[in-house]
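Shown next, in structure tokens, is the structure this report addresses.
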Amino acid sequence: MTAEVHTRKRAASVVHDFTHEDKPAAASTAAAAVKHEGDAEEVNRCLVYCRLRQSFARDFEDGAFQLLQMKGKQVSVKDERNYTFDGTFDAPSKQEDIFEAVAKPCIQHAFKGYCSALMCYGQTGTGKSFTMCCTKPGIEGIIPRAARFIFETIASEPARSYRVVGQFIQIYRDQLGDLMTEGGRDKVDIRFEDNEGVTLPGCTEHELANKEEFMEFYHEGDKRRVVTATAMNPESSRGHTAMVIRISSENMDDDTAPAFHGKITFIDLAGYERFSKTGISNANAIMKDEAKTINGSLLALGHVVSALSNGDKHIPWRNAKLTRLLQDSIAAAAARASSSRWARRATTCTSRRTRCSSASAPWP
């Protein structure tokens, strides 16, 4: 296999349609979708997992009750609808479990020259940022664990020369801003080319030599995110963030061996917002516009994965900055759901949307 082939494999074809509810064959078909090519494992679709966050007292106010039940790979919503995922994680699950099952394979693919992406999807307040970004010792989320894993992997392969480069952006009101510049609002463009994939002209690049520099890079950008308190979340993200990590390597002892140029994008999605629950009113024009663009971009993401799952010739990547950013690397998604009764509609929508994501092609 040539170095060019190793460089990137973009979304190409859909292997199966998992858009139907209560489909027991989904799990076995998912396993069949995994192919082996030499020593590399090739996954030809998006992998979708559902995690249920722990319950809080407020979830059971006004007579609310437990809404979801998980059994194996299946999630039941009030015993009325069933959804099958690639895996489920009940409330007692640990952050380490999520990383090992969901994130680690994605990162390993980036080391082999593939484009990958990790996303957490769900309505506001369901713990997406906790899963992706938490830095508290003992309960670290995906990003801190990824920093450690990336550089442990590099240290274990002394025969290869590695270069790790990061970019960090926020999609705020459907505009891209560089979170690594003062204010975090410097304009960034987005382009897609067949040979290069997605590039971000105008976005600064930062070389990362170890896990400490990786986390300093993350913290520096994270503090410039736009967050606001709402009725559902005291630190509600007002836009999506994307941390793009490019991993390049070459064999120092063999000039004929292929070089690898992979990429993994860590997406912290802002949650879908219902005005009636977040307390946003028409009087606050900025927050209203933030919510509309958040919801609009999530809807665009749903349209993309639906088009992929249906095998459509036209994929509407250009309908939002979020989908354009993911054009070369839609990989894996972690769905999250809330357990309180009033969240039933949003929970059902989350399950439907991420079922669709399961059918979207290809995780390289």
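One table, with the values for the structure above:
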{"quantity": "Rounded to whole Å, sorted largest first: equivalent-ellipsoid semi-axes of the stretch 64-186, Cα gyration tensor", "calculated": "31, 22, 14"}
{"quantity": "In order through the stretch 176-191: 3J(HN,Hα) via Karplus (6.51 cos²θ - 1.76 cosθ + 1.60), integer Hz, x for Gly, Pro", "calculated": "8, x, 7, 6, 9, 10, 4, x, x, 10, 4, 5, 10, 8, 9, 9"}
{"quantity": "From phi via Karplus (6.51, -1.76, 1.60), per-residue ³J(HN,Hα) for the stretch 166-173 in Hz, x at Gly/Pro", "calculated": "x, 10, 9, 10, 10, 9, 10, 6"}
{"quantity": "Residues whose placed amide H lies under 5 Å from that of GLN123, excluding near-sequence neighbours", "calculated": "TYR272"}
{"quantity": "Dipole-positive endmost among MET70, GLY87, ALA57 within the stretch 56-146 (Cβ charges, Cα centre)", "calculated": "GLY87"}
{"quantity": "Distant-in-sequence amide H partners of SER55 (H built 1.01 Å from N, under 5 Å)", "calculated": "none"}
{"quantity": "Among the listed pairs LYS94/LYS136; LYS288/LYS313; LYS78/LYS321; LYS71/LYS112; LYS94/LYS211, those beyond 25 Å (Cα-Cα)", "calculated": "LYS288/LYS313; LYS78/LYS321; LYS71/LYS112"}
{"quantity": "Additional length obtainable on full extension of the chain from GLU250 to ARG58, 0.36 nm per residue less Cα span", "calculated": "63.8 nm"}
{"quantity": "Ranked packing of 133-139, 164-170, most packed first, by mean Cβ within 10 Å", "calculated": "164-170, 133-139"}
{"quantity": "Amide proton proximity set for ALA117, modelled H, under 5 Å, gap of 5+", "calculated": "THR265, ALA331, ALA332"}
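Values in this text are rule-based calculations from the coordinates and carry no lab data. Source: prediction; values computed, not measured. No Cβ is skipped: glycine too gets one built from the backbone with ideal geometry, and neighbour counts run over all protein chains shown.
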